[in-house]
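Heads up: the structure comes next, in structure tokens.
The values are calculated or read from the model by the stated rules, or taken from the named source; none is laboratory data. The shown structure was predicted, so the numbers you read here are calculated from the model rather than taken from an experiment. For neighbour counting, all protein chains shown are included, and Cβ atoms are generated from backbone atoms with ideal geometry for every residue, glycine included.
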């Protein structure tokens, strides 16, 4: 999922995008914002890019295996009819 470092980076980006008067947020407010982001990310049930890529590879392998098994089943059906 998302690490505390990712949340900290997002908080930093957010603080840097604020108008000059708001950039003086104290550390406690930054920590609260970071915790809120972490909770929000976890409630969204998101996955990392790495996890997504791994699942794509698993899906490709599964699809190839399914195609292979379907071909074998078709051959068995043809043999049985003969």
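Overview of values
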| read-out | value |
| --- | --- |
| Test set (1) surrounded by 10 or more Cβ atoms within 10 Å (Cβ to Cβ); (2) at pLDDT 80 or above - residue 81 fails condition number | (1) |
| Filter result for the condition that a residue is at pLDDT below 95 and loosely packed, with under 11 Cβ neighbours inside 10 Å, over 28, 51 | 28 |
| Residue match in the stretch 8-23 (condition: touching a residue at least 40 places away in the same chain (Cβ under 8 Å) and surrounded by 12 or more Cβ atoms within 10 Å (Cβ to Cβ)) | no |
